[in-house]
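**Q** Before we start, here is the structure in question, set down as structure tokens.
All of the numbers you see were taken from the coordinates with simple rules; none came from a lab. Only a predicted model underlies this, so the values are computations on that prediction, with no experimental measurement involved. Ideal geometry is used to build each Cβ from the backbone, glycine not excepted, and the neighbour counts take in all protein chains shown.
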Amino acid sequence: MEIVQAFETSFGAKPEVVAQAPGRVNLIGEHIDYSQGFVLPFAIDAVTRSAIRKRDDGQIRIVSAQHPEAMIRSSISELREKGGTGWSRYILGVLWALEIENGLDIYVDGRVPLGAGLSSSAALECSVATAINHLFELGKSLTQLAQLTQRAENQYVGVPCGIMDQSVSLMAKGGYALLLDCRDLSTQHIPVDFAGAGLRLLIVDTRADHALIDGGYAERRASCESAAAKLGVVSMRDLDMQHLESQKDKLTAVEFQRARHAVSEIARVLNAVERLRTKQFVEFGELLNQSHISLRDDYKVSCPELDLVVDTANANGALGARMVGGGFGGSAIALIKDEDAGKISLAIEKAFAEAGYQAPRFFDSLPSDGAKLIS
Ligand code: ADP
Ligand code: MG
């Protein structure tokens, strides 16, 4: 295996364990994890692999195939102080969260595109956590590993992500999406047979990033929290559209719009689950479109590049499309017929060139397996 050889070249011995974990794409359920809603991601076929061996001197050495120029050196004592900057803190954070007290040699090779909104960060954390769980016989459940890797990213890396990415990277099953209830963290596997219907999910990384300019994420979260407080509910999950409409005058116009996205999106996820179960993919595609319109017009987290992908895909025969992730850039998805794949990517490429945008990147994947040991 390639990673075993690469490990040996870096550290002069064979690894004791090798594990892998995938990236993910979220079919539907956007900006509702913090409103206690539902999300419906699936694991993509691209994975990150981690090979690990114990050391007996308390030192930690890390090499990434994606950063071949440098071996990162740390130690157990530095770990306690949340040491480490740069990419290695995603790995050190997992060791910290799992309270590892042993030196280690670690080699990682990530084939999930970095920073494309496909969660290379969770793939990295979960592959390390899966390997460590086995190597030290920690006996952690997948739910515990999801919570611990989320803590690593929140507290050690310093990114306030929800638990979706880690949950699906650890728990996914080939052929299924993972319905995750963000209120109680319960999960269900939902069959997704796009391939059987001659369909595929096209993922388009716009490579646009307008995210950090206005702190948009915090504002959206705060609007949902203030709307919930004014309506006397814990979260948007406790509202339905009728209830929300009837109390419109208690909210500001902006709060009402933000709440309308959250409430309608939660309903759309549950509707989408039924459409997937009954293989009504045309209706499922329409839900993707409605989700995009809601994110664009009510939640106002889209951007011209994302809208261009969605509009161009739909104009060229997609069953539906939407932005995914936090917004203001990043990726969009489109449910398309296999035979339209070339035509639609070309049309998007052309539209981007005409608009003077950076060339987008294209990926596609069927729902794939979650994290596993591979040796
Ligand atoms: P995303 O998770 O959407 O890909 P993030 O910004 O959350 O984007 O995470 C990407 C970061 O994770 C990279 O910039 C890098 O610091 C780290 N990372 C992910 N995979 C690897 C890898 N294989 N090697 C080194 N660093 C990685
Ligand atoms: Mg990430």
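**Q** Rounded, prolate or oblate, given the Cα gyration tensor of the stretch 87-130, with a/c below 1.5 counting as rounded?
**A** In terms of gyration-tensor shape, prolate.
**Q** Sum -39500 (n - 2.57) across every DSSP H segment of at least 4 residues in the chain, then divide by the residue count to get the 222 nm mean residue ellipticity, nearest 500.
**A** So the calculated ellipticity at 222 nm is -12500 deg cm²/dmol.
**Q** If you don't mind, another one. If you place +1 on the Cβ of every Lys and Arg and -1 on the Cβ of every Asp and Glu, how big does the dipole about the Cα centre of the stretch 98-213 come out, in debye to the nearest 20?
**A** Here the size comes out at about 340 debye.
**Q** Based on Cβ point charges of +1 for Lys and Arg and -1 for Asp and Glu, what charge dipole magnitude is obtained for the stretch 4-50 about its Cα centre, in debye rounded to the nearest 20?
**A** 100 debye
**Q** Report, as a whole number in µm² per second, the diffusion coefficient that Stokes-Einstein gives for the chain at 25 °C and 0.890 mPa s using the Kirkwood radius over alpha carbon pairs.
**A** Rounded to a whole number, D works out at 115 µm²/s.
**Q** Taking the chain as a Gaussian network, where each spring joins two C-alpha atoms under 10 Å apart, which residue of S64, S294, S302 fluctuates the most?
**A** S64
**Q** Thinking of the stretch 192-364 as a set of Cα atoms, what percent of all their pairs are more than 29 Å apart?
**A** The proportion of pairs with Cα distances above 29 Å equals 27 percent.
**Q** Could you rank the peptides 97-110, 14-27 by their average count of other C-beta atoms within 10 Å per residue, with the highest value first?
**A** Listed from highest to lowest mean packing, they are 14-27, 97-110.
**Q** Rounded to whole Hz and in sequence order, give me ³J(HN,Hα) for the stretch 225-241 from the Karplus expression 6.51 cos²θ - 1.76 cosθ + 1.60, θ = phi - 60°, writing x for Gly and Pro.
**A** Taking θ as phi minus 60°, the curve returns 5, 5, 5, 4, 4, 5, 8, x, 10, 6, 7, 4, 4, 7, 10, 10, 4 Hz for the stretch 225-241.
**Q** Near F284, within a Cβ-to-Cβ distance under 14 Å, what is the net charge of the other residues, with Lys and Arg +1 and Asp and Glu -1?
**A** Here the charged neighbours net out to +3.
**Q** Here's another thing I want to ask about it. Per the Kirkwood definition applied to all pairs of different Cα atoms, how many angstroms is the hydrodynamic radius of the stretch 217-257?
**A** Across the stretch 217-257, the inverse of the average 1/r is 10.2 Å.
**Q** With charges only on Cβ, +1 for K and R and -1 for D and E, what is the dipole size of the stretch 293-375 about its Cα centre, in debye, rounded to 20?
**A** 180 debye
**Q** Rg to Rh ratio, the stretch 275-367, alpha-carbon atoms and Kirkwood radius?
**A** Taking Rh as the inverse mean 1/r over Cα pairs, Rg/Rh reads 0.96.
**Q** Would you mind telling me which residue in A70, A172, A332 has the biggest mean-square fluctuation in a Gaussian network model of the chain, where springs connect alpha carbons within a distance under 10 angstrom?
**A** A70
**Q** Using the Karplus curve 6.51 cos²θ - 1.76 cosθ + 1.60 with θ = phi - 60°, work out ³J(HN,Hα) for each residue of the stretch 358-364 in order, rounded to whole Hz, and write x for Gly and Pro.
**A** Once θ is set to phi - 60°, the couplings for the stretch 358-364 become 4, 4, x, 10, 10, 9, 8 Hz.
**Q** Show the residues, 5+ positions off or on another chain, whose built amide H is closer than 5 Å to the amide H of Y176.
**A** V192
**Q** Shifting gears a bit: If you wrap a convex hull around the alpha carbons of the stretch 32-161, what volume per residue comes out, as a whole number of Å³?
**A** With only Cα atoms used, the stretch 32-161 gives 110 Å³ per residue.
**Q** When the gyration tensor of the stretch 267-307 is built from Cα positions, what are the square roots of 5 times its three eigenvalues, in whole Å, from largest to smallest?
**A** 23, 10, 6
**Q** Can you list the HN-Hα couplings for the stretch 306-322, worked out from phi with the Karplus curve (6.51, -1.76, 1.60; θ = phi - 60°), rounded to whole Hz and with x for Gly and Pro?
**A** After applying 6.51 cos²θ - 1.76 cosθ + 1.60, I find 5, 4, 5, 4, 4, 5, 5, 4, 5, 5, 10, x, 5, 7, x, 7, 7 Hz.
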